[in-house]
Structures are given as structure tokens and as C-alpha cells.
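The values are calculated or read from the model by the stated rules, or taken from the named source; none is laboratory data. Nothing here was measured: the structure is a model prediction, and the numbers come from that model. In this analysis, Cβ positions are derived from the backbone assuming ideal geometry, glycine residues included, and neighbour counts consider all displayed protein chains. In case anyone asks, the SASA skips ligands and DNA or RNA and just uses the protein heavy atoms, side chains included. Shrake-Rupley method; radii C 1.70, N 1.55, O 1.52, S 1.80 Å.
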Amino acid sequence: MGLSLRVRRRGGSGSKKEIIPVTSCSEEVEITIPSQFQCPISYELMKDPVIIASGITYDRENIEKWFESGYQTCPVTNTVLTSLEQIPNHTIRRMIQGWCGSSLGGGVERIPTPRVPVTSHQVSEICGRLSAATRRGDYAACSEMVRKLKILEKESERNRKCVKENGAGLVLCVCFDAFSENANASLLLEEIVSVLTWMLPIGSEGQSKLTTMSSFNRLVELLRNGDQNAAFVIKELLELNVAHVHALTKINGVEEAFLKSLNRDSTCANSLTSIHHMILTNQETVTRFLDLDLVNTTVEMLVDSENSVCEKALTVLNAICDTKEGREKVRRIELVIPILVKKILKITEKKDLVSVMWKICKSGDGYEVEEALRLGAFKKLVVMLQVGCGEETKEKVTELLKMMNKVMKMNGFVDRSDSSSIEFKHVKKPF
């Protein structure tokens, strides 16, 4: 018995043909779906039939999309509904399942019994029990409630939305803070963080619970142990409020935790974003990161990481180059100029790349300019001007070209790349 595709509906006005899986051992057959089994919106076989206030049955997914679009009417009768509640129509669902398995259904695959979506009342009940367990310090009960929320989230997008809209985020943040000083609560805290990743952004009250000294310390500890969910939550918190950045920089060993995160997972754009926020707000943090060899780690990430990670790494490198000490560290790495030149036309967002090149060439002794010129940077920068870029970036590109032009005149340097094919109409004189 093989699996083949058949047209499952035919008929007159308003009918819609749809291809569905049908098991068959002989000739192809066309199957007509009884009208009472079809959703009035899509004309498809209903998988989760529900009744609304008008008494009409729809497939749950379709009627939910209707309501989410802002309609408060019945699609069939056009009457204004007094309630948007959806009640499972078990009778129709059992009839559909029976029809699928019968000879009339022609071998149409039987629809599974759908899970009933969680209600606001059920979510509130779980949150209430979690809050009570948190106040008691009941680790086991808290773990059970967090697992329930996690299961609900995995069942459907509708459940996820319901959980998020009924205050679970704040309750989880309160629980995290309450157990943040418990050395034996790591598993619970990991579970909470994994659930919070799809509840962000959270309100200011929830943020205040996650950014206490004890909570931040535990988030950093999770990060140090390789938890990328913690990296994401920290990044989101820093982007919500600069005060969180200042609080994070006061935690002992936070720089080491982020470097360990980068060395463990070189694709962690979340950690790079957090590092960038920290560098911009605290000079002492920059020094500590430089002592931990952040520059070398970041440059190595530019070699073979995907473009999105490269762009984040360049953002960090650009911030580092705002300091004299940072520029000196960057210039000492021989790979920097070759990598920057190679990436000029390969990445989408070039602002930070140009800025890094401009800062180290402008503050160097001329070697960086000669090296960039030798590697064909002149031609690539001209192409950048032709394609177009932001005004600030354009000014830096123009200044870089002037530096290179000066070196060419002084040293009789000839760019061996095919410069004759380049149009110079966008380049300011004296090129």
C-alpha cells in the first residue's frame, strides 16, 4: 500500500480543490469531503473544530487568525459576537475521525485528537502556585511549575502567547531572584532562563528582579558554564537599559565569563553585543578586556565566521580602537589589515570595518597604509564609493584613499590590481 496524492474536494460554487495524502493500493480516486467537515473559511478538512458564539463551527487555526486580524464578527453570518470564546466541537471532530477511517474517507489519514489550548485561568493558576512555592522556598514545587510552563510553550504558538500575556514573565523573574543565592538551584535557574528567552522583553519590575547583584551573578555564572540562553537574556537586559550595563560591569569576573563564552562558541553574537555595550560605558572594562586578549579573540573570529558574526566582532573592534591602548593592541596583530581588506566587499554592513581601518591607519606609522595598499584596498575602497555608503563612512573612505594616494606618490607604488577598469567619478580630487 503506497502513499499518493489525490484531490480531496470537488463541487459547485465556492468549492476549493486541495491536495491531501491518501493511502491507496489501486487506481487514483477523488474524494468529496462532506460540507459539514469543511471549515467555512478555508474549505479544508477541519483538524480542530471549535464552535463560536454564533453557533458556527470553524477550524481553530483559521478562526483565531480571523479574530487576530481585528474582526469581532462571525465570518459566515457577519453578526457581531458577544464573546470570542472557542469551544471544542468534540462531536464533529469524532465524526471527522470516523469518516477518515471509513471507506467513505477513501483512506484519508485520520486526524489526531488535538490538544486543548491552555486558558488564561490555567496559566494564572500555574503562576499562582509558582509564586506561592517561591515564597515558601519550595525548590521542587517551583521546578514542577516551571516545567509545566515549558511544556505549554512547546505545544503551540497560541499557548506561548497565552502564557506570555498572563504575567508568567514577572513570576519567573521573581523566582529566579529568590533562588539566585541558593548554590544548589542551578538546574531550576537554567530552566527559568530557557523559558524567559521567549518572554522578552519583560517589564521594568521583572528587569529589576533579574538585575539585582545576586541575580546578575547567577546569570554570569550560567554564561561562564556555557549557557547560551543566559547570553541572550543578558544581551536583552543590556539593550533595555544602560543602567543594567553599569550594574553588570561591577560583577567580579564578568569579563572572563564573556571571553570564555566566545572561546567556547565563536558564533555567539549575543556575547559580542553585550561586550560592545560594556566597552562603551566603562573604561576600566576596556582595560580588563584588553588584558584578557579580547583583541586577538575578536580578530580570530573575523577569519572564518559568518557575516553576521563578523559584523558584531567589527563593532567590538571599532569600540576598542576608540582608545589609544586598544589601537596599539590592534596594530600589533599582523592579520588585522589583511583580514580587513579581504572583508571590504564581502560583508554587508561596512561602517565599523572602515572605521577600524581608518583609526589604525591614521594613528599608525604608515606601515598599515602601505600594507592595505599592497593588498588591493585602494581599488576596493573606490568600489565602495561607487556603490554608495553613509556620509560618515564615505568621509573615512575618502581620507583613507588620500593616505594611500600620498604613499603611492612618495614611494612610486603601483597598484598591480586591475585599476584601469575602475571609474573614479565618485572620488574627490586629487586621485
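If each DSSP helix of 4+ residues adds -39,500 (n - 2.57) and the sum is divided by the residues in the chain, what number results at 222 nm, nearest 500 deg cm²/dmol?
-18000 deg cm²/dmol
Please report the carbon-and-sulfur percent of the accessible area for the stretch 58-197; probe 1.4 Å, protein heavy atoms only, DNA, RNA and ligands left out.
C and S fraction of accessible area: 51 percent.
Just to confirm, what accessible area per residue do you get for the chain at 1.4 Å probe, in whole Å²?
With all protein chains present, the chain gives 51 Å² per residue.
Given a cut-off of under 8 Å on Cα pairs at least six residues apart, what relative contact order in percent is computed for the stretch 49-107?
37
Explain nothing, just the number: dipole magnitude of the stretch 78-188 about its Cα centre with +1 on each Lys and Arg Cβ and -1 on each Asp and Glu Cβ, in debye rounded to the nearest 20.
Dipole of the stretch 78-188, to the nearest 20 debye: 280 debye.
Excluding A257 itself, what net charge comes from residues whose Cβ is under 10 Å from its Cβ, given Lys and Arg +1 and Asp and Glu -1?
Combined, the nearby Lys, Arg, Asp and Glu give -1.
Once fully extended, how much extra length lies between M213 and E157, figured as 0.36 nm per residue of separation less the alpha-carbon to alpha-carbon distance?
16.8 nm is the gain from fully extending M213 to E157.
How high is the FRET efficiency between E125 and E30 when r is their beta carbon distance and R₀ equals 51 Å, given to the nearest 0.05?
So, using R0 = 51 Å, E works out to roughly 0.60.
If each residue of separation counts as 0.36 nm, what is the full-extension length gain between K346 and V303 once their alpha-carbon separation is subtracted?
So the chain would gain 14.3 nm between K346 and V303.
Please give me the summed charge of the neighbours of M384: other residues whose Cβ is under 9 Å from its Cβ, Lys and Arg +1, Asp and Glu -1.
Residues near M384 contribute +3 overall.
Binning every alpha carbon pair distance of the chain at 10 Å from zero, what are the percents per bin?
The distribution over the chain is 4, 16, 17, 15, 16, 16, 11, 4, 0, 0, given as percents.
Evaluate the charge dipole of the chain about its Cα centre and quote only its size in Debye, nearest 20, assuming +1 on the Cβ of each Lys and Arg and -1 on the Cβ of each Asp and Glu.
800
Determine the share of the stretch 278-341's accessible area contributed by carbon and sulfur atoms, expressed in whole percent, with a 1.4 angstrom probe.
Reported share for carbon and sulfur atoms: 44 percent.
Assuming 0.36 nm per residue, please report the length gained on full extension of the stretch Y139 to D365 beyond their Cα-Cα distance.
The Y139-D365 span can extend by a further 75.2 nm.
Given the Cα atoms of the stretch 143-251, and with Rh set as the inverse mean 1/r over their pairs in the Kirkwood sense, what is Rg to Rh to two decimals?
When Rh is taken as the Kirkwood radius, the ratio is 0.95.
Restrict the search to the stretch 318-360; then list the GluC sites (Glu not before Pro) that DSSP places in a loop and that have at most 12 other Cβ atoms within 10 Å of their Cβ.
Taking the stretch 318-360 and a limit of 12 other Cβ atoms within 10 Å, the loop GluC sites (Glu not before Pro) found are E334.
Identify, among Q386, V245, L280, the residue whose Cα sits farthest towards the positive end of the charge dipole of the chain, taking +1 on the Cβ of Lys and Arg and -1 on the Cβ of Asp and Glu, with the dipole about the Cα centre.
Of Q386, V245, L280, it is Q386.
Using the alpha-carbon atoms, what tilt in degrees (0 to 90, nearest 10) does helix 90-101 show relative to the longest principal axis of the chain?
Approximately 90 degrees, to the nearest ten.
Counting other Cβ atoms within 10 Å of each Cβ, which trypsin sites (Lys or Arg not before Pro) in the stretch 247-299 have at most 13 and sit in a DSSP loop?
K250
Report the calculated FRET efficiency for S83 and L187 (r = Cβ-Cβ distance, R0 = 41 Å), to the nearest 0.05.
0.50
Normalise the Debye intensity by I(0) for the stretch 85-182, one equal point scatterer per Cα, no solvent, then take log10 at q = 0.13, 0.16, 0.18, 0.19 Å⁻¹ and round to two decimals.
-0.58, -0.73, -0.83, -0.88
For the pair I41 and S102, what calculated FRET efficiency results from E = 1/(1 + (r/R0)^6), where r is the Cβ-Cβ distance and R0 = 25 Å, to the nearest 0.05?
After rounding, the FRET efficiency stands at 0.45.
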